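The values are calculated or read from the model by the stated rules, or taken from the named source; none is laboratory data. Because the structure is a prediction, the values reported are computed rather than measured. Heads up, the Cβs are rebuilt from the backbone with ideal geometry, glycines too, and the neighbour counts pull from every protein chain shown.
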Amino acid sequence: MEASAKKFFQSILETPSPSGYEQPVQRLVRNYAEEFADEVTTDLHGNVIAGCNVDAPLRVMFAGHADQIGLLVTHINDQGFIYTNTIGGWDPQQLIGQRMTVHADSGPIPALISRKAIHLLDQEERKQVVKTKDMWLDIGAKSKEEAAEIIKIGDPVTLELGYQEMRNGLANSPGMDDKTGLWVCMEALRRAKKRGLEVALFAVSTVQEEIGLRGAHTSAYGVNPQVGIAVDVTHATDCPTIDKTQEGDVKLGGGPVIYRGPNMNPVVVDRLREAADYGDIPCQWAASGRGTGTDANKIQLTRAGVAAGLVSVPNRYMHSAVETVALDDLDACADLLATFAHKLTADTCFIPR
């Protein structure tokens, strides 16, 4: 991973982007992609689309979503405590005792989220899973008036953001889902352009995936690709308590995960396999028997249909403050997609036979 690319990766992880509030990250994406893309545009939905060789007849789209799960301010009580709704799929247990940040117009506001101490929980409360409505944000305000001076209804909230490297090339951060995929798409475009392209290649930083795959739907309609590959995270199963018979055998450091199943065009899968073999790129395999909960689902069903694929980065502890990936997997994933695009020709056919 080149120094400038790694700097970009860390910067997007340390920048907030709850669904619907992706603008700060998308500004970083635009500035970075303008260094190598032939054109960079932003559509009305907020998707950032970087393209190379854009006039070629065969159009290929890589999509990684910029948004992360978060919270949304819905109420400030008389004591200045703040209540929220969730953005995306949270396990409420993950939120207890976390340091948080409210992203207000005036800047980031430190906060913490908690509930009453265990000493004060009765026996029934101790048995129950905490509900989001029973937790609150504390910013240290003394009153509703003080809190309302700096925080508005609708302000987004994230976990305290930060990036930490670990042993054996691992790293953790909130928002690895799916800023890893965003990074892979942009890096694949950069590498593919250096190698040479006979096709039009678009790397899209999509919005609002966590609330219904929305940005992939609108951006794929606008780009109108014949081929589209979503890059997301998938569950690494190399830690305790996960059933590999159901979730597959997926390891951190084992390389990107190529999916098979009805959401994936068989020719795309074959070409990804060939790219991995050609580039001697380590990869892993997984399967899904239905439309996946990723941007690949919407891409496949856009307009008259798109030859879709799904490549995933293994991720431990998804939708938590400590999502963990192997940096080598990101590098290999970018190489896989760059090789895939580089090997395509204008007459490559993706119609299943």
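Just a few scattered comments:
- For the stretch 121-152, the set of residues classified as more than 18 Å from ASN77 (Cα to Cα) and hydrophobic (A, V, I, L, M, F, W, C) consists of LEU121, VAL129, VAL130, listed by residue number.
- Here is the figure for the stretch 75-131: residues that are on the phi < 0 side of the Ramachandran plot and in a loop (DSSP other than H, G, I, E, B) total 20.
- Lone qualifier among ARG271, ARG260 - being among the basic types (Lys, Arg) and in contact (Cβ under 8 Å) with a residue 60 or more places away in the chain: ARG271
- Some residue of the stretch 79-92 being farther than 29 Å from ASP178 by Cβ and without any contact (Cβ under 8 Å) to a residue 12 or more places away in the chain: no
- Within the stretch 127-151, tally of residues that are exposed (fewer than 13 other Cβ atoms within 10 Å of the Cβ) and either modelled with pLDDT of 95 or more or of a type in the set (Phe, Trp, Tyr) (or both): 4
- Filtered by the rule that a residue be of a type outside the set (D, E, K, R), under 20 Å from ALA56 (Cα atoms) and crowded, with 19+ Cβ neighbours inside 10 Å, the stretch 154-196 gives CYS185, MET186, ALA188, LEU189, ALA192.
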